[in-house]
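Every number in this text was worked out from the coordinates using simple rules, so none of it is lab data. Quick caveat: nothing in here was measured; it's all calculated off a predicted structure. All Cβ positions, even for glycine, are placed from backbone atoms using ideal geometry, and neighbour counts span all protein chains on display.
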């Protein structure tokens with residue numbers, strides 16, 4: 001039941017900070033061995049009104065909210081594209097989060113969204129739909145960081161109107177890509193297994209960048225896979241965060257900053273609590289309504 005998830009993890013470059021990679025490897029091992037994987041719990045916050053992403057909703061779930069409500073949508077833990085069914089229930093993927101953003105944007109009861117973020121990042125595949133949902137929304141959105149917002153997390157958050165952190169010691173950044181490969185050749189050799197790969201001349205380049213990297217030559221893997229996405233990632237941040245201080249060493253090359261520095265270098269906008277994020281979202285909604293009222297005159 002984890003086939004899609006294992007394929008995503010093993011085939012995608014990672015938008016993930018290094019400290020979380022070991023957890024991903026252990027997670028994969030648990031999936032392969034069939035061990036129990038605990039369901040992630042969304043935090044309960046004042047005014048949150050959380051609806052779990054990934055539900056089977058015949059109607060827009062936000063239509064039952066009171067008028068002028070705010071949709072709070074969690075991005076907690078490692079970001080994977082698809083959700084999965086664990087022993088304890090369904091764990092939503094980022095595609096599910098993207099759909100919740102679309103639901104919120106389509107409900108007349110909702111004035112905007114707050115993305116509640118605590119993530120080390122995830123796979124390159126995980127950000128595709130959430131980027132689309134945030135690009136095409138018509139209502140304001142605030143990213144509220146409650147812990148860390150690294151790699152794929154800051155990629156997604158950069159599409160919000162504002163980014164704020166709950167504490168000056170929240171961690172933000174890790175802009176970049178990397179790939180971790182495991183070489184099982186010695187293990188197979190110890191069991192007397194010899195791996196043979198056969199390709200026709202019409203497929204002479206197929207998968208060879210990975211084989212070359214395992215053999216010590218990573219030039220093609222970097223130039224064909226990692227560098228293009230790293231440059232794309234950098235351009236996304238430069239476009240979405242126009243006040244980003246590009247003179248700061250490492251800001252687009254993977255360095256992580258505490259929130260008090262992230263404010264100074266333009267990665268985020270402010271440090272405030274959840275109530276402050278709510279007030280900011282309400283202010284953005286009021287500004288937008290005033291603008292539209294002006295245009296109608």
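A protection proxy built from the mean count of other Cβ atoms within 10 Å ranks the segments 167-174, 259-266, 204-211, 230-237, most packed first, as 167-174, 259-266, 230-237, 204-211. Please label the shape of the stretch 163-233 as rounded, prolate or oblate, based on the square roots a ≥ b ≥ c of the eigenvalues of the alpha-carbon gyration tensor (a/c under 1.5 means rounded; beyond that, a/b larger than b/c means prolate, else oblate). Note, shape of the stretch 163-233 comes out oblate. Computing FRET efficiency as 1/(1 + (r/R0)^6) for residue 184 and residue 63, where r is the C-beta to C-beta distance and R0 is 45 Å, gives about 0.30. Annotation: for a label point projected 7 angstrom from Cα along Cα→Cβ of residue 260, no residues of the stretch 116-152 have a backbone N closer than 15 Å. A compact globular protein would have a Cα radius of gyration near 2.2 N^0.38 Å; the ratio found for the stretch 113-214 is 1.61. The peptide list 274-284, 155-165, put in order of mean Cβ contacts within 10 Å with the highest first, becomes 155-165, 274-284. What base-10 log of the normalised intensity I(q)/I(0) is obtained for the stretch 91-157 from the Debye formula, alpha carbons as equal point scatterers, at q = 0.12, 0.13, 0.14, 0.24 Å⁻¹? So the normalised log intensities are -0.28, -0.33, -0.38, -1.09. Counting neighbouring Cβ atoms within 10 Å and putting the fewest first, the residues 194, 219, 255, 81 line up as 194, 219, 255, 81. Its residue count N fixes a reference of 2.2 N^0.38 Å for the stretch 67-129, and the Cα radius of gyration divided by that reference is 1.19.
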